[in-house]
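Taking it in order: structure first as structure tokens, then the write-up.
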Amino acid sequence: MEALNLGRYWAELRYGARHPWARAGLWVWAVAAVLMCVALAVWWPAQREHSALEDRISGQRRDLVQAQQADELLSAYARASKETAVLEKKLQHAATQSQLVESFARLARHHGVKILTETYEEGRAAGAQPTLSTELTVQAVYPGLRDFLRDLSALPTWSEVQEVRLESVQGAAAQKGRIRIVTYRAAPAQPAKSS
């Protein structure tokens, strides 16, 4: 029964294809199919080439970013190595308290800062690195104080500012302040143990 229905369906399709509108539709469909195949034949290689080009560009961008990161890392490593050498040299500078007093006084004179009082205290030996804590009471105009603080890092010792408190002096352009500085020094040499 199905074969009969299929044969009948096929016969009706052939009979309908004899109509002029059906023939025109088949021709339009055939031309459209050929044009689609031609367009696909032209588009497919261009699309593959475009995708390959995008992949190459993306790969080159990735390589460029990696090279830039490697360059930045190398630059940071070189800078850190240089700064470490400077810190080690500063740490080996065996400044005594009197040399430190002289260095601070010279730097203060250079920037027009008046040191009113100064207190020095040896750091506790709890850490591996011995320190010398300094507390200075100073008075100067703000730019002089700012430059004094900035140039502390230029001293031959490893001195870091721990705390700064500034206040205005009543009726004057000068600032008065308290600066706490910690100077790191080389650890004392350990005596060699004998067996």
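The values are calculated or read from the model by the stated rules, or taken from the named source; none is laboratory data. This one's a predicted model, so the numbers in the text were calculated from it and none came from an experiment. Cβ atoms come from the backbone with ideal geometry, glycine included; neighbour counts cover every protein chain shown. These area figures cover heavy atoms from the full protein model, side chains too; ligands, DNA and RNA do not enter into them. Shrake-Rupley method; radii C 1.70, N 1.55, O 1.52, S 1.80 Å.
To the nearest µm²/s, what D does Stokes-Einstein give for the range 1-117 at 10 °C and 1.306 mPa s, using the Kirkwood radius over alpha carbon pairs as Rh?
Values: Rh = 24.3 Å.
Answer, rounded: 65 µm²/s.
So the label point goes 7 Å from the Cα of Lys114 along Cα→C-beta, right? Which residues of the range 136-162 then have their backbone N under 12 Å from it? Answer for the range 136-162: 138-141. Kindly state, to the nearest 0.05, the FRET efficiency for Glu167 paired with Arg106, given R0 = 30 Å and r defined as their beta-carbon distance. The formula returns an efficiency of 0.75 here.
Per residue, the accessible area of the range 24-142 comes to 78 Å² when a 1.4 Å probe rolls over the protein heavy atoms.
Within the chain, the selection of entire DSSP H helices by a Cα span of 20 Å or greater along the long axis and an average Kyte-Doolittle value of at least -1.0 returns 2-16, 20-92, 97-111. The trypsin sites (Lys or Arg not before Pro) found in the range 11-85 that occupy coil by DSSP, while having at most 14 further C-beta atoms within 10 Å, are Arg18. Here the translational diffusion coefficient of the range 1-40 follows from Stokes-Einstein with Rh set to the Kirkwood radius across Cα pairs; for 25 °C and 0.890 mPa s it amounts to 208 µm²/s. The share of accessible area on the chain that comes from carbon and sulfur is 59 percent, using a 1.4 angstrom probe. The mean of 1/r over all distinct Cα pairs in the chain, once inverted, gives the Kirkwood hydrodynamic radius of 25.3 Å.
The slack between Glu121 and Arg62, meaning 0.36 nm per residue of separation minus the straight C-alpha distance, is 15.7 nm. An ellipsoid equivalent to the range 71-161, defined through the eigenvalues of its Cα gyration tensor, has semi-axes of 27, 19, 11 Å when rounded to whole angstrom and sorted largest first.
Looking at the square roots a ≥ b ≥ c of the eigenvalues of the Cα gyration tensor of the range 1-69, which shape do they give, rounded for a/c under 1.5, prolate if a/b is larger than b/c, or oblate?
On the way: a/c = 8.67, a/b = 3.29, b/c = 2.64.
Because a/c hits 1.5 or more and a/b exceeds b/c, the range 1-69 counts as prolate.
3J(HN,Hα) couplings calculated from phi for the range 129-139 with the Karplus curve 6.51 cos²θ - 1.76 cosθ + 1.60 (θ = phi - 60°) are, in sequence order, 10, x, 10, 10, 8, 10, 10, 10, 9, 10, 8 Hz; Gly and Pro show x.
What does the charge count near Val182 come to, summing +1 for each Lys or Arg and -1 for each Asp or Glu among other residues with Cβ under 11 Å from its Cβ? Don't skip to the answer; put the middle values down first.
Details: positive: Arg180, Arg185; negative: Glu121, Glu135, Glu160, Glu163.
Local net charge: -2.
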